[in-house]
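Each reported figure results from applying straightforward, stated rules to the coordinates on display, with no laboratory input. The structure presented is a predicted model; accordingly, all values stated were derived computationally and were not measured. Cβ atoms come from the backbone with ideal geometry, glycine included; neighbour counts cover every protein chain shown.
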Amino acid sequence: MKDRTLVQVALYAAIFAVLGLLPRFDLPFAAGVPITAQSMGAMLAGVMLGAWRGALAMVLLLFVVALGAPLLAGGRGGLGVFFSPSVGFFFGWIAVAFVSGWIMQALRKAPVFPAALLAAVFGGVVVMYAFGIAGMALVGGLSVMDATKACLIFIPGDAIKAVLVALIAQTVARGMPEALLSRNA
Amino acid sequence: MISLYLAQRTWLHGVPAGWKLLALALVSLIAAPLDSLPLMAGLLVAVLALYVSLGRAAVAQIALLRPLWPLFLILLAFHWWNGDVTAGLVVLARILAMVLLANAVTMTTRMDAMMDAVEPLLAPLGWFGGSPRAVALAVALMIRLIPLLFALWEALNESWRARTGKRGGWRLLAPFCIQTLRLSHHTAEALAARGGAPRGTRR
């Protein structure tokens, strides 16, 4: 692993943590529904770093959380979070980063905004909820149908976050093209 | 270091981290398939008794569960809707007991002790040319980056406020990403100048 890769992985894990610790944004279009920015971090890591580095960043984040750092939204952390019904989402972040990064790399030739939007929506909504719902069903003892219903209200928020991630990727591509590592790896 | 760690020493602080992790893994494996309400309630009571034995500061930490309550209510509501409140209570008792038990391990184990306890598990990384010491470096780098990134965000927010009089919010994310990447380039260069990250072959 190159030094630069190591630092980038640590950087995106840290960005993820900072997104959870920042005061909540009032997102536009969300009609005042408070949304933590944290799950954006997983999509961002994938879209910016590409599949493997993005997934590694999420592994590092979960590792540090398990070591005892309160880095998840609302100051949660430690080993306890891995026994809560949201555990599917936490492990899902690894897959989210990997899938969004993989799509981003596959669409290297496409314009940034649509590629990043597809990557973020597929990774951050489809993949994340597949994991999240499975975790909810297993830990919460619910049927998959019920677990899906319990998660449904959060999907619009994550769809908005996916759009934001695509906008950010586009802005970054304009301001500092070499920063979009998923494109020049 | 930021942590959920209890500064006040308790008897559980003296137990080696590896034993605590092993005990936690065993309890979670045993509790997962059990579906009896008295057993799960018993487990919960036992965990609560553990908290009481750790002192008042530990009991106060139970408040960490607060963000989970809405989720618990939703879970219970679904089980009630399906006509099996008992199953809901079993699930709830199991989740509460396991979350509290895992938090008790976190509360009484320093992060470096935890890192030392899991380092043997990272040894297989060596087979793929990785290094457990590179993992330790990544962990330290990440933790050190968090306050730096906060300061960076605050600086961006302040200049946005100076220009518009409003909070920047999500609009700061793109410049934030660009600036943090610049920061990471400098960090990588500084790391290379000091001999680079540990590699598997160079242990």
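Under a cut-off of 28 Å between alpha-carbon atoms, report the lysines in cross-link reach of A:Lys109, not counting same-chain residues fewer than 8 places apart.
Excluding near neighbours in sequence, the set is A:Lys2, A:Lys161.
Inside 10 Å of the C-beta atoms of B:189-199, what's the mean count of C-beta atoms belonging to other chains?
Per residue, the number of nearby Cβ atoms from other chains is 3 on average.
Please list B:103-111, A:66-74 highest first by mean number of surrounding beta-carbon atoms within 10 Å per residue.
Numbers: B:103-111: 23.3, A:66-74: 21.7.
Order by mean packing, descending: B:103-111, A:66-74.
Full-extension gain between B:Phe128 and B:Val45, please, as 0.36 nm times their residue separation minus the C-alpha to C-alpha distance.
Fully extending the segment from B:Phe128 to B:Val45 adds 25.4 nm.
If R0 is 30 Å, what FRET efficiency do you get for B:Leu89 and B:Ser53 from their C-beta distance, rounded to 0.05?
Values: r = 25 Å, r/R0 = 0.84.
The pair B:Leu89/B:Ser53 has a calculated efficiency of 0.75.
Dipole size in debye (nearest 20) for the protein assembly as shown around its Cα centre, Lys and Arg Cβ +1, Asp and Glu Cβ -1?
Working: 29 positive and 13 negative charges, 211 e Å.
Around 1020 debye, computed over the protein assembly as shown.
What helices does chain B hold that run 15 Å or longer along their axis, going by alpha-carbon atoms, with a Kyte-Doolittle average of 0.0 or more, using DSSP H for the helix calls?
Numbers: long enough: B:17-31 (21 Å, 1.93); B:37-54 (26 Å, 2.36); B:69-81 (18 Å, 1.51); B:85-107 (32 Å, 2.07); B:132-164 (47 Å, 0.80); B:173-193 (30 Å, 0.59).
Helices meeting the span and hydropathy rule in chain B are B:17-31, B:37-54, B:69-81, B:85-107, B:132-164, B:173-193.
Could you work out how far apart the two model spin labels at B:Asp112 and B:Arg167 are, taking each label as a point 7 Å from the Cα in the direction of the beta carbon, and quote it in nm?
Going by the 7 Å Cα→Cβ label model, 3.7 nm.
Given R₀ = 25 Å, what would the calculated FRET efficiency be for A:Ala106 paired with A:Lys2, taking r from the Cβ atoms and rounding to 0.05? Don't skip to the answer; put the middle values down first.
On the way: r = 23 Å, r/R0 = 0.91.
Step by step, r from the Cβ atoms, then E = 0.65.
By how many nm would the segment from B:Glu158 to B:Ala190 lengthen if fully extended, with 0.36 nm per residue of separation less the alpha-carbon distance?
Working: separation 32, 0.36 × 32 = 11.52 nm, distance 2.82 nm.
Full-extension gain reported as 8.7 nm.
Please compute the length gained on full extension between B:Arg9 and B:Glu119, using 0.36 nm multiplied by the number of residues separating them and subtracting their Cα-Cα distance.
37.2 nm
Let me check the size of chain B from its C-alpha atoms; what are the radius of gyration and Dmax in Å?
Gyration radius and largest Cα-Cα distance of chain B: 22.7, 65 Å.
Give the Rg/Rh ratio for segment A:40-185, taking Rg as the radius of gyration of the Cα atoms and Rh as the Kirkwood radius, to two decimals.
My calculation puts Rg/Rh at 1.00.
What is the mean number of Cβ atoms from other protein chains located within 10 Å of the Cβ atom of each residue in peptide B:104-114, rounded to a whole number?
Mean inter-chain Cβ contacts per residue within 10 Å come to 4.
Run the numbers on chain B and let me know its relative contact order in percent, using alpha-carbon pairs under 8 Å that are six or more apart.
Working: 125 pairs, mean separation 50.5, N = 203.
Relative contact order for chain B comes out at 25 percent.
Once you average over the residues of A:142-148, how many Cβ atoms of partner chains fall within 10 Å of each Cβ?
Mean partner shielding for this stretch: 3.
Report the Cα centroid-to-centroid distance between segment A:44-94 and segment B:160-190 in angstrom, as an integer.
Distance between centres, Cα-based: 22 Å.
I need the calculated FRET efficiency for the pair B:Ala25 and A:Asn184, taking r as the beta carbon distance and R₀ as 45 Å, to the nearest 0.05.
After rounding, the FRET efficiency stands at 0.60.
Percent of Cα-Cα pairs per 20 Å bin, from 0 to the last occupied bin, for the protein assembly as shown, please list those.
Per 20 Å bin, starting at zero, the Cα-Cα P(r) for the protein assembly as shown comes out as 27, 57, 16, 0 percent.
Which is farthest toward the positive dipole end of chain A among A:Leu164, A:Val65, A:Val126, measuring Cα position about the Cα centre, with Cβ charges +1 (Lys, Arg) and -1 (Asp, Glu)?
It is A:Leu164.
Springs between alpha-carbon pairs under 10 angstrom, Gaussian network model over chain A: which of A:Ile153, A:Ile15, A:Ile94 fluctuates most?
A:Ile153
Considering only B:Gln179, B:Pro33, B:Ala117, whose Cα is most displaced toward the positive end of the charge dipole of chain B, charges sitting on Cβ of Lys, Arg (+1) and Asp, Glu (-1)?
Highest projection toward the positive end goes to B:Gln179.
Leaving out same-chain residues fewer than 8 places away, which aspartates and glutamates sit with a Cα under 20 Å from that of B:Lys166?
Qualifying aspartates and glutamates at Cα under 20 Å: A:Asp26, B:Glu154, B:Glu158.
Helix by helix, which DSSP H runs in chain A go 15 Å or more along their axis at the Cα atoms and have an average Kyte-Doolittle hydropathy of 1.0 or more?
In chain A, the long hydrophobic H runs are A:3-21, A:38-49, A:51-67, A:87-106, A:128-140, A:155-175.
As a footprinting exposure proxy, order B:Ile95, B:Ile30, B:Ile178 by other Cβ within 10 Å, with the fewest listed first.
On the way: B:Ile95 25, B:Ile30 11, B:Ile178 17.
Fewest-to-most Cβ neighbours within 10 Å comes out as B:Ile30, B:Ile178, B:Ile95.
If you average the alpha carbon positions of segment A:132-154 and of segment B:32-64, how far apart do those two centres end up, in angstrom?
When both Cα centres are located, 25 Å separates them.
Simple spin-label model, 7 Å along Cα-to-Cβ: A:Leu138 to B:Ala63 in nm?
3.3 nm
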